[in-house]
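Reviewing the structure listed below.
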Amino acid sequence: PPDAPPLVPRSTLASPTPTTADGVPPSDEAAATRELDALIAAAGASLSLNPAGLATAASLAHSFYATRSLARNDRVAVAGGALFLAAKLEETPRTLSSVVAALQGAGLPPRPGGEPSAAAAADAVVTAERALLYASGFRLGLEHPFRPLLPLLAAHAPVAGGGGGGGGGGEAGA
């Protein structure tokens, strides 16, 4: 409705984000956010999450970074925590090992100091999941800003139902 209050007050939009307050230029922050979204999309497709699960993971990650700095929090761990939690919230749970494998298979550039072991990556995902829960105040009834788009995404992106082809075709058509 035209008289409804905005989702985010203009004063909040005009203030520096936690990331820019850490000295990261806005263009770098925008690039890092796009990389986070791409990682969630790639790992989520590997996990065969439906569009609602992907939207939930993206919402969780964006909500987290609205109050936390991208420079101080590992994007890979936060993406993993968001996917792990989103799968549970959307009642399509995935195992921790499958989330870690999806992150490792998402085509990430090599990390300085090498890749963490599977156990260390799993610990990072669980720690990030807990951080997401604390950041949200344990309020998990998300109102998706993407809600109007979900039916369109569902109509145009194949969703893996019972094991067949996975979400591979969804990327080509997107």
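The values are calculated or read from the model by the stated rules, or taken from the named source; none is laboratory data. Predicted model only: the values in this text are computed from it and were never measured. Ideal geometry is used to build each Cβ from the backbone, glycine not excepted, and the neighbour counts take in all protein chains shown. Note: accessible area is taken over every heavy atom of the protein model, side chains too, but ligands, DNA and RNA are not part of it. Shrake-Rupley method; radii C 1.70, N 1.55, O 1.52, S 1.80 Å.
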Q. Being at pLDDT 90 or above, over 21 Å from residue 152 (Cα atoms) and out of contact with any helix residue (DSSP H, G or I) (no Cβ under 9 Å at 6 or more places or on another chain), is that true of even one residue in the range 56-66?
A. no
Q. From the set of residues in the range 1-19 that are open to solvent by 30 Å² or more (accessible area, probe 1.4 Å) and of a type in the set (S, T, N, Q), which is modelled with the highest pLDDT?
A. 17
Q) Residues in the range 18-38: is at least one closer than 25 Å to residue 134 by Cβ, in contact with a Ser or Thr (Cβ under 7 Å, 6 or more places away or on another chain) and β-branched (Val, Ile, Thr)? A) yes
Q | Residue list for the range 20-36, filter: among the charged types (D, E, K, R), assigned to a helix (DSSP H, G or I), touching a residue at least 24 places away in the same chain (Cβ under 8 Å) and open to solvent by 40 Å² or more (accessible area, probe 1.4 Å) | A | 35
Q) Can you pull out the residues in the range 40-96 that are among the small types (Gly, Ala, Ser), over 23 Å from residue 151 (Cα atoms) and in a loop (DSSP other than H, G, I, E, B)? A) 69, 71
